[in-house]
Amino acid sequence: MADYDYDVLVIGAGPGGYVAAIRAAQLGLKTACAEGRETLGGTCLNVGCIPSKALLHASEYFDAAKGGAMAAMGIKVTPELDLDTMQGQRKDAVKGLTGGIEFLFKKNKIDWLKGYAQFKDAHSVEVAGKTVTAKNIVIATGSSVTPLPGVEIDNAGGVVVDSTGALELASVPKKMVVIGGGVIGLELGSVWRRLGAEVTVVEFLDQLLPGMDLDVRKEAAKIFKKQGMTLKLSTKVTGVAVEGKAAKVTVEPAAGGAAEVIDADVVLVAIGRKPNTDSLGLANIGLELNQRGQIETDHDFGTKVSGVWAIGDVIPGPMLAHKAEDEGIAVAENIAGLTGIVNHDVIPGVVYTQPEIAGVGLTEEAAKARGGVKVGKFPMLANSRAKTNHEPDGFVKVIADAETDRVLGVWCIASVAGTMIAQAAQAMEFGATSEDIAYTCHAHPTHSEAIKEAAMAVTGKPIHI
Ligand code: FAD
Ligand code: NAI
């Protein structure tokens, strides 16, 4: 049998890769992880989930102070923005958490191979000029921004930026145009709107947030408009012209029609992300991509090439950190000869705006396409805690199979929807019916009671409405 330097070599140290490496090491496998970035943690910790949440959290306080939400509770303040300090705490959060992964690597005796890895064959890669061999290689190279043809992103210039540039802005733009009404556009658009920018979101489709339940998408649009965002739905960008420190964004109806020019001092391009595979040398191992540029795997996360596995944003499925993490654990367990499984039917998704928007399982549209459903809805306005906290926006919706009552999907718009959705995911993982949720005692007064009430509404019997 061939001798290898490692049992497992993971390429990429994002939430998929670093978790896979740690689990492999915990299972007694000799493990290395190649990462070309200067810090571990991938997109999520460096330029994604964590820094965006640091700015969302801080800007939410600023907005609450500025917009009267605090005054309604008897707290009168006139906030003053210190953007340098706000950006400083974002950088501190990133530094602390990426350093934490480095500590975990050391603790678990994982070798960090500093550099970008390229396959030489199915059991060897070249990293920083050295050849390293492994019995198993896990591709966890993640994703990067999808470019918009004809629009050049220049993060250093600070006018036409992607999400990484939008996190780094040194001053609050007066006018910001966001191209793409998806998760990044709405989260980062919200940050800069709260801090004072006039934000216009240009979305090609007729609703925001593709993939989410239609009721949720419509309600979200109402809420963002109420918060002061200008939404241009069914609209396409046909050109962005940069003149010095400003840009002119030309848009027209998606179906064709009269063009309009929108002035902006920052343009955020957020039209999706694409898998990172270009520099991996996949041709050297004969591994082909699917039509969407992703690496296909089997149920165990093995690719068509024996000994080569793949997880996270680089494979099909939602591009989410927790999905990548769970796949990281599962792939390591499968490599170790255990049974690692991810239930892709129950992956929650959360948009961290205010209110938060969250869902798990099927949309009502998708559930109806499969068969008969019963739907229960409950407005946050009728939830005592949300009402007391001055958080009236949103609702919870529970979708259950008409025959079996098994819960197929749960959708929430609520201030803490991201926390609330966990109980729905757990219930669905255990195969719960709407009755199971309705008869589970929920603490009072909590926002989560709205999930219980929506479950009660599936059979037409909510109490508080
Ligand atoms: P990544 O995190 O992309 O990590 C891949 C790593 O591989 C990178 O560090 C890269 O440098 C490295 N790499 C690539 N090629 C090579 C190579 N050849 N050799 C060595 N290393 C290589 N998801 C959520 O669930 N919640 C959120 O709140 C959230 N917020 C986000 C906000 C923003 C602005 C963005 C951009 C994304 C956000 N995401 C969020 C998505 C989340 O970041 C990704 O789904 C997640 O990081 C994917 O993990 P991954 O391990 O597959 O890849
Ligand atoms: P997205 O797929 O969420 O949204 C992109 C939007 O751009 C879509 O609404 C799409 O219709 C629109 N679009 C595409 N081409 C367009 C064009 N030419 N003109 C106008 N609109 C156009 O992608 P986004 O926001 O870039 O995020 C990328 C990924 O990162 C997502 O898949 C998401 O899962 C992940 N992410 C997750 C977060 C979270 O979990 N809270 C936060 C941020 C990102």
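From the list Ala358, Ala310, Ala324, Ala330, exactly one residue is assigned by TED's automatic domain parsing to the domain that holds Leu55, touching a helix residue (DSSP H, G or I) at 6+ places or on another chain (Cβ under 6 Å) and in contact (Cβ under 8 Å) with a residue 12 or more places away in the chain. Which is it? Even if it seems obvious, please write down each step before you answer.
Numbers: Ala358 fails: assigned by TED's automatic domain parsing to the domain that holds Leu55; Ala310 fails: touching a helix residue (DSSP H, G or I) at 6+ places or on another chain (Cβ under 6 Å); Ala330 fails: touching a helix residue (DSSP H, G or I) at 6+ places or on another chain (Cβ under 6 Å).
Sole residue among the options that is assigned by TED's automatic domain parsing to the domain that holds Leu55, touching a helix residue (DSSP H, G or I) at 6+ places or on another chain (Cβ under 6 Å) and in contact (Cβ under 8 Å) with a residue 12 or more places away in the chain: Ala324.
Only one residue in Ala254, Ala324, Ala310 is closer than 30 Å to Lys174 by Cβ and among the small types (Gly, Ala, Ser). Which one? Steps first, answer last, please.
Values: Ala324 fails: closer than 30 Å to Lys174 by Cβ; Ala310 fails: closer than 30 Å to Lys174 by Cβ.
Exactly one of Ala254, Ala324, Ala310 is closer than 30 Å to Lys174 by Cβ and among the small types (Gly, Ala, Ser), namely Ala254.
For Asn343, all conditions in the list (1) open to solvent by 50 Å² or more (accessible area, probe 1.4 Å); (2) at pLDDT 95 or above; (3) in the same structural domain as Ile451 (by TED's automatic domain parsing) hold save one; what is the number of the exception?
(3)
If you check Val132, Val125, Val178, Val172, which single one turns out to be within 9 Å of ligand 1 (Cβ to nearest atom), out of contact with any Ser or Thr (no Cβ under 6 Å at 6 or more places or on another chain) and in contact (Cβ under 8 Å) with a residue 40 or more places away in the chain? Full working, then the answer.
Working: Val132 fails: within 9 Å of ligand 1 (Cβ to nearest atom); Val178 fails: within 9 Å of ligand 1 (Cβ to nearest atom); Val172 fails: within 9 Å of ligand 1 (Cβ to nearest atom).
That would be Val125, the only listed residue that is within 9 Å of ligand 1 (Cβ to nearest atom), out of contact with any Ser or Thr (no Cβ under 6 Å at 6 or more places or on another chain) and in contact (Cβ under 8 Å) with a residue 40 or more places away in the chain.
Just checking, which of Lys323, Lys368 is charged (D, E, K, R), away from ligand 2 (no atom under 16 Å from the Cβ) and within 30 Å of Ala450 (Cα to Cα)? Working first, answer last.
Working: Lys323 fails: away from ligand 2 (no atom under 16 Å from the Cβ).
Within the list Lys323, Lys368, the selection yields Lys368.
Scan the stretch 392-404 for residues that are at pLDDT 95 or above and out of contact with any Cys (no Cβ under 9 Å at 6 or more places or on another chain) and report the count. I'd like the intermediate steps shown before the answer.
Taking the stretch 392-404 and keeping what is at pLDDT 95 or above, we get 393-404.
Next, from what is left, pick out any that are out of contact with any Cys (no Cβ under 9 Å at 6 or more places or on another chain): 393, 398-404.
Summing the residues that are at pLDDT 95 or above and out of contact with any Cys (no Cβ under 9 Å at 6 or more places or on another chain) in the stretch 392-404 gives 8.
Taking the stretch 12-71, which residues are over 16 Å from Glu325 (Cα atoms), touching a strand residue (DSSP E or B) at 6+ places or on another chain (Cβ under 6 Å), crowded, with 24+ Cβ neighbours inside 10 Å and not polar (S, T, N, Q)?
Within the stretch 12-71, Ala32, Ala34 meet the criteria.
State the number of residues belonging to the stretch 248-277 that are farther than 24 Å from Val145 by Cβ and not in a strand (DSSP E or B). Can you show your working first?
Residues of the stretch 248-277 farther than 24 Å from Val145 by Cβ: 253, 255-261.
Still in the list and also not in a strand (DSSP E or B): 255-259.
Qualifying residue count, the stretch 248-277: 5.
Which one of these is surrounded by 23 or more Cβ atoms within 10 Å (Cβ to Cβ) and either in a strand (DSSP E or B) or away from ligand 2 (no atom under 14 Å from the Cβ) (or both): Val216, Val242, Val199, Val191? Give the derivation first.
On the way: Val216 fails: either in a strand (DSSP E or B) or away from ligand 2 (no atom under 14 Å from the Cβ) (or both); Val242 fails: surrounded by 23 or more Cβ atoms within 10 Å (Cβ to Cβ); Val191 fails: either in a strand (DSSP E or B) or away from ligand 2 (no atom under 14 Å from the Cβ) (or both).
The unique qualifying residue is Val199.
Quick check on this structure: which one of Val132, Val160, Val172, Val127 is buried (at least 19 other Cβ atoms within 10 Å of the Cβ) and either farther than 24 Å from Leu280 by Cα or in contact with a Phe, Trp or Tyr (Cβ under 6 Å, 6 or more places away or on another chain) (or both)? Please lay out each step first, then the result.
Numbers: Val132 fails: either farther than 24 Å from Leu280 by Cα or in contact with a Phe, Trp or Tyr (Cβ under 6 Å, 6 or more places away or on another chain) (or both); Val172 fails: buried (at least 19 other Cβ atoms within 10 Å of the Cβ); Val127 fails: either farther than 24 Å from Leu280 by Cα or in contact with a Phe, Trp or Tyr (Cβ under 6 Å, 6 or more places away or on another chain) (or both).
Residue meeting the stated conditions: Val160.
Those residues that are of a type in the set (D, E, K, R) and touching a Leu at 6+ places or on another chain (Cβ under 8 Å), I need them from the stretch 1-59; list them, please. Walk me through how you get there before you give the answer.
Quick first cut of the stretch 1-59, residues of a type in the set (D, E, K, R) only: 3, 5, 7, 23, 30, 35, 37-38, 53.
Asp7, Glu35, listed by residue number.
Answer with yes or no whether Leu167 is buried (at least 24 other Cβ atoms within 10 Å of the Cβ) and either in contact with a Lys or Arg (Cβ under 9 Å, 6 or more places away or on another chain) or not assigned by TED's automatic domain parsing to the domain that holds Thr250 (or both). Walk me through how you get there before you give the answer.
Details: buried (at least 24 other Cβ atoms within 10 Å of the Cβ): no; either in contact with a Lys or Arg (Cβ under 9 Å, 6 or more places away or on another chain) or not assigned by TED's automatic domain parsing to the domain that holds Thr250 (or both): yes.
No, not satisfied.
Any residue at all in the stretch 39-54 that's more than 16 Å from ligand 2 (Cβ to nearest atom) and within 28 Å of Gly317 (Cβ to Cβ)?
Within the stretch 39-54, one or more residues are more than 16 Å from ligand 2 (Cβ to nearest atom) and within 28 Å of Gly317 (Cβ to Cβ).
Of the conditions (1) under 28 Å from Lys226 (Cα atoms); (2) within 16 Å of ligand 1 (Cβ to nearest atom); (3) assigned to a helix (DSSP H, G or I), Ala324 clears all except one; give me its number.
Looking at each condition in turn, Ala324 falls short on (1).
Out of Val360, Val351, Val308, I need the residue that is of a type outside the set (Ser, Thr, Tyr), more than 9 Å from ligand 1 (Cβ to nearest atom) and under 23 Å from the mean Cα position of the chain (by Cα). Which one? If you could, list the steps in order and put the result at the bottom.
Details: Val351 fails: more than 9 Å from ligand 1 (Cβ to nearest atom); Val308 fails: under 23 Å from the mean Cα position of the chain (by Cα).
Exactly one of Val360, Val351, Val308 is of a type outside the set (Ser, Thr, Tyr), more than 9 Å from ligand 1 (Cβ to nearest atom) and under 23 Å from the mean Cα position of the chain (by Cα), namely Val360.
Say we look at the stretch 385-394 and pick out the residues that are touching a residue at least 60 places away in the same chain (Cβ under 8 Å) and at negative phi; which of these is least open to solvent (accessible area, probe 1.4 Å)? Don't jump to the end; show me each part of the working.
Keep residues of the stretch 385-394 that are touching a residue at least 60 places away in the same chain (Cβ under 8 Å), which gives 385-386, 390, 393-394.
With the extra rule that they be at negative phi, the set shrinks to 385-386, 393.
Working: Arg385: 92, Ala386: 1, Asp393: 41 Å².
Per the criteria, the residue is Ala386.
Conditions tested, residue by residue: (1) farther than 30 Å from His464 by Cα; (2) surrounded by fewer than 20 Cβ atoms within 10 Å (Cβ to Cβ); (3) outside the structural domain of Gly28 (by TED's automatic domain parsing); (4) of a type in the set (Lys, Arg).
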{"site": "Ala283", "(1), (2), (3), (4)": "yes, yes, no, no"}
{"site": "Thr297", "(1), (2), (3), (4)": "yes, no, no, no"}
{"site": "Glu364", "(1), (2), (3), (4)": "no, yes, yes, no"}
{"site": "Asn383", "(1), (2), (3), (4)": "no, no, yes, no"}
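Does the stretch 255-279 hold any residues that are more than 9 Å from ligand 2 (Cβ to nearest atom) and surrounded by 15 or more Cβ atoms within 10 Å (Cβ to Cβ), and which are they?
Taking the stretch 255-279 first, the residues more than 9 Å from ligand 2 (Cβ to nearest atom) are 255-268, 274-279.
Across the stretch 255-279, the qualifying residues are Ile262, Ala264, Asp265, Val266, Val267, Leu268, Lys274, Pro275, Asn276, Thr277.
Would you confirm whether any residue within the stretch 361-384 is within 22 Å of Val191 (Cβ to Cβ), part of a strand (DSSP E or B) and either free of Cβ contacts under 8 Å to residues at least 40 places away in the same chain or among the β-branched types (Val, Ile, Thr) (or both)? Break it down into steps so the answer makes sense when it comes.
Initial filter on the stretch 361-384 (within 22 Å of Val191 (Cβ to Cβ)): none.
Within the stretch 361-384 (the criterion being within 22 Å of Val191 (Cβ to Cβ), part of a strand (DSSP E or B) and either free of Cβ contacts under 8 Å to residues at least 40 places away in the same chain or among the β-branched types (Val, Ile, Thr) (or both)), the answer is no, since none of the residues qualifies.
Is there any pair linking a residue in the stretch 195-215 that is within 16 Å of Leu148 (Cβ to Cβ) and within 16 Å of ligand 1 (Cβ to nearest atom) to one that is open to solvent by less than 60 Å² (accessible area, probe 1.4 Å) and not hydrophobic (A, V, I, L, M, F, W, C), with Cβ under 7 Å and at least six apart or on different chains, and which?
Val201/Gly181; Val201/Gly185; Val201/Gly189; Val201/Lys232
The values are calculated or read from the model by the stated rules, or taken from the named source; none is laboratory data. Computed from a predicted model, the values in this text were never measured in an experiment. Because the Cβ atoms are built from the backbone with ideal geometry, glycine has one as well, and the counts that use them run over all protein chains shown. Heads up: the accessible areas ignore ligands, DNA and RNA and are worked out on the full protein's heavy atoms, side chains in. Shrake-Rupley method; radii C 1.70, N 1.55, O 1.52, S 1.80 Å.
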